[in-house]
Amino acid sequence: KKSFSSGLTAMEKKLAEYKCNTNEAIQLKLVRFPEDLEDDNTTFNPEYSHQVFGDDEVAFGYKGLKILLYYIAGNLSTLFRIEYTSKVNEKFDCVEADDVESKIREIIPPGFCTNTDDFVSLLEKEVNFRPFGMLLHTYSVHNEEAGEDITYQIYKADMTCPGFREYHERLQTFLMWFIETASFIDVDDERWNYFLVFEKYNKDGATLFATVGYMTVYNYYVYPDKTRPRVSQMLILPPFQGEGHGAQLLETVHRYYMSSPTVLDITAEDPSENYVKLRDFVLVKLCQDLLCFSPGKLMQGFSQEMVMEAQQKLKINKQHTRRVYEILRLRATDMGDAEQSRSYRLDVKRRLIGPYKKKQRELAKMRRCLRPEELTNQLNQIDLNMQHEQLEESFQQLVSDYRRVLERLAQA
């Protein structure tokens, strides 16, 4: 009996050695030059792999597993290979290794390379790659490392651009690794708009383009003749994160829709915390010069005029305009002045308490139709002291988020 249990632990130990964390095993690259293939500095890893490998983000059956997904920087032609030092063998271990290859094949489009030589010969053709669609905006960012300004361009594309459909299939595979709840979109629906960011770079005296990131926007129909674009997914690829491209992209998209009389306002689907911070910054930057947001008017409180002007001129909806107002009012408020800071606090808390008030009204309704013992249960859940504490906490959190936006604005 004893020997059996110790035998099991030895077996378990052995099997444990054949488990790999898929976020570490997957190695991504955006390749510009052949030497990038050997350079570890150009490798980056996923933030998530649960959509492909399950919640544990583990692949079983391999030691030293490497899942190589290398992309040519511009048109994203793909090299996909799996390497490992050893693999469990069914004959001896009575267990089967995960079929890693078919899991990856499910999300990457067919037509990828499986060996480096083919990939390098494709790399030579990259000089012919050009961005899709129409150019909306050009900007440059000073790069410390290179000691020079690098030029970036933003394009609007759609499925009628030759080659774009296939390119988009390769591009969207990155969503799986960097957006927690990513899903692929129905590209045959013509209401999708695609906005793409590219970097211009030089290679042997020629100008080439590298993919930096993109955004998809869905145009919802609003009766009778308007649309309400909704940002669906946005991704700046990891090597380019933290350089301000997200802000450039979002502002360019707003400016694109601003010129359209049929667009009501722009919203976002299930925005992440990071996206909300980005949007706060971009919208405040766009709004700060509107007359309705002059310091005098900010001090008089949130107004219908703000809602109208932000929507008509900048396609910003009411809820987002309210945040912009709170951020700009914070900038105009002397928080060291007791009267000003009290007035600001009350103004923001009055908005924050809205959902609680709604709950109170629902309770009042219940009171009329519930038996007393049911009611006490309901009431116990909502304790006023807790409300005040939560309210204060929410307020402090907001103010610190708002200050960050204002700091970034001051540096812009």
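The values are calculated or read from the model by the stated rules, or taken from the named source; none is laboratory data. Fair warning: this is a prediction, and the values are worked out from it, not measured in the lab. All Cβ positions, even for glycine, are placed from backbone atoms using ideal geometry, and neighbour counts span all protein chains on display. Ligands, DNA and RNA are excluded from the accessible area calculation, which covers all protein heavy atoms including side chains. Shrake-Rupley method; radii C 1.70, N 1.55, O 1.52, S 1.80 Å.
Structure data summary
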read-out: Net charge over other residues, Cβ less than 11 angstrom from the Cβ of Pro131 (K, R count +1; D, E count -1); value: +2
read-out: Under the Debye formula (equal points on every Cα, no solvent term), log10 I(q)/I(0) of region 14-126 at q = 0.12, 0.15, 0.16 Å⁻¹; value: -0.45, -0.68, -0.77
read-out: Anisotropy class of region 130-270 from Cα gyration tensor, a/c 1.5 cut; value: prolate
read-out: Check: region 14-126 dipole with +1 on Lys, Arg Cβ and -1 on Asp, Glu Cβ, in debye; value: 180 debye
read-out: Apportionment of accessible area to carbon and sulfur, region 248-363, percent (1.4 Å); value: 51 percent
read-out: Net charge contributed by nearby residues that have their C-beta within less than 13 Å of Thr160 (K/R +1, D/E -1); value: -1
read-out: Label-point separation, Glu190 to Asp99 (7 Å along Cα→Cβ), nm; value: 3.9 nm
read-out: Candidates His142, His254, His320: whichever shows maximal mean-square fluctuation once the chain is modelled as a Gaussian network with Cα springs under 10 Å; value: His142
read-out: Under 5 Å, built H, 5+ apart or other chain: amide partners of Leu136; value: Ile154, Tyr155, Lys156
read-out: Cα long-axis angle, helix 245-258 against the chain (0 to 90 degrees, to the nearest 10); value: 60 degrees
read-out: Within the accessible area of region 14-126 (1.4 Å probe), percent carbon and sulfur; value: 43 percent
read-out: Label-point separation, Glu407 to Met11 (7 Å along Cα→Cβ), nm; value: 5.6 nm
read-out: Accessible area expressed per residue, the chain, with surrounding protein chains retained (probe 1.4 Å, Å²); value: 55 Å²
read-out: Per-residue [θ]222 nm for the chain (sum of -39500 (n - 2.57) over DSSP H runs n ≥ 4, rounded to 500); value: -14000 deg cm²/dmol
read-out: Positive-pole candidate from Gln411, Phe240, Leu363, dipole of the chain, charges at beta carbon; value: Leu363
read-out: Hz values of 3J(HN,Hα) by residue in region 131-144 - Karplus curve (6.51, -1.76, 1.60), Gly and Pro given as x; value: x, 8, x, 10, 6, 9, 7, 10, 8, 10, 10, 6, 9, 4
read-out: Cross-link pairs beyond the 23 Å C-alpha cut-off, checked among Lys103/Lys156; Lys226/Lys297; Lys156/Lys313; value: Lys103/Lys156; Lys226/Lys297
read-out: [x] 27.9, 91; [y] 24.2, 92; [z] 26.8, 84, with the label sought being that of the calculated Rg and Dmax of the Cα atoms in Å; value: [z]
read-out: Taking the chain and dividing mean pair separation by its residue count, relative contact order in percent (alpha carbons under 8 Å, at least six apart); value: 9 percent
read-out: Where N is the number of residues in region 142-189, Cα Rg divided by 2.2 N^0.38 Å; value: 1.60
read-out: Charged-residue dipole, Cβ positions (Lys, Arg, Asp, Glu), region 108-172 about Cα centre, Debye nearest 20; value: 420 debye
read-out: Magnitude of the charge dipole, the chain, Cβ model with Lys/Arg +1 and Asp/Glu -1, debye to 20; value: 2040 debye
read-out: Environment charge of Ser232, counting only residues whose C-beta is closer than 12 Å and scoring Lys/Arg +1, Asp/Glu -1; value: -2
